[in-house]
């Protein structure tokens, strides 16, 4: 049997979606540092260029490509570019994602579906597009990023989270189903699902920009929808608040993007299929398993806050 990844990724070829920032960038950097050649896509060229620059002195090489993973046409173009670069791949990290799409009541359908399509169809389209290159390799692994919101569909009792949660549940179910599918139909392939908690990335800021919430009128509409009064804030103050929110999400996270990438890659080396990332993810997993019926009650959230505070104080 061919060696899998227990001895590292030197000489392998990987694809990482969403490699311009966050966990995707750190996956690219750590993989190339280990001698893995990596193809990565994102929607912002300057971010991809920075990732490639940071990896320039690493042992593995990097191919970058602009692609919106919610577009099957763009994903297929990315796969064609990779096939022309390396005919086989060993690892597919379906990492790209955006947040948003809270309520389905009086909602913006275009924004809701954009979040769902990036987070779910991005995984589906890339898996289909790169499957021939995975099948051609001696060993292969599909590593799909779900979330704690893939088993717990909430970020708080007063914050609807329907689109993102629905997509991440789909990613988790799809990945678990791939375990049996691959075992029966492509036994040299395996699948892992990644479920991060709060990771220090720019997803909050990048998601707002991609959904147009860096525009004051859309920010005001979002405030109105949530029942908050923003009439006393200027357009500039609204946008500044959005930017500070993104900075705070990244800077106050209990797990950095680099730490998350290391956890993921170490789990792949250990041949694990279920990868919780961050102590906060482990806490939520434990609490939901212990009390699934009460998982959306106010008492559950109070307990979650208490345990999260205890984690931060340790």
* Structure fact -> Scanning segment 120-163 residue by residue, the ones that are crowded, with 24+ Cβ neighbours inside 10 Å and farther than 24 Å from residue 272 by Cβ total 2
* Hits in segment 110-150 - residues which are closer than 19 Å to residue 305 by Cα and either out of contact with any helix residue (DSSP H, G or I) (no Cβ under 6 Å at 6 or more places or on another chain) or assigned to a helix (DSSP H, G or I) (or both) -> 148, 149
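For every residue, the table says whether it meets (1) at pLDDT 65 or above; (2) surrounded by fewer than 14 Cβ atoms within 10 Å (Cβ to Cβ); (3) in contact with a strand residue (DSSP E or B) (Cβ under 7 Å, 6 or more places away or on another chain); (4) under 25 Å from residue 34 (Cβ atoms).
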{"residue": "225", "(1), (2), (3), (4)": "no, no, no, no"}
{"residue": "234", "(1), (2), (3), (4)": "yes, yes, no, no"}
{"residue": "238", "(1), (2), (3), (4)": "no, no, no, no"}
{"residue": "246", "(1), (2), (3), (4)": "no, no, no, no"}
{"residue": "249", "(1), (2), (3), (4)": "no, no, no, no"}
{"residue": "257", "(1), (2), (3), (4)": "yes, no, yes, yes"}
{"residue": "270", "(1), (2), (3), (4)": "yes, yes, no, yes"}
{"residue": "288", "(1), (2), (3), (4)": "yes, no, no, no"}
* Asked: Picking from 136, 77, 83, which residue would you name as being without any contact (Cβ under 8 Å) to a residue 40 or more places away in the chain, more than 12 Å from the chain's Cα centre (by Cα) and under 25 Å from residue 28 (Cα atoms)?
  -> 77
* Asked: Here are some conditions: (1) at positive phi; (2) free of Cβ contacts under 8 Å to residues at least 12 places away in the same chain. Residue 108 meets all but one. Which one does it not meet?
  -> (1)
* Test: residue in segment 175-194 that is touching a residue at least 12 places away in the same chain (Cβ under 8 Å), part of a helix (DSSP H, G or I) and under 25 Å from residue 25 (Cβ atoms) -> yes
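The values are calculated or read from the model by the stated rules, or taken from the named source; none is laboratory data. Just so it is clear, the model here is predicted, and its values are computed rather than measured. In this analysis, Cβ positions are derived from the backbone assuming ideal geometry, glycine residues included, and neighbour counts consider all displayed protein chains.
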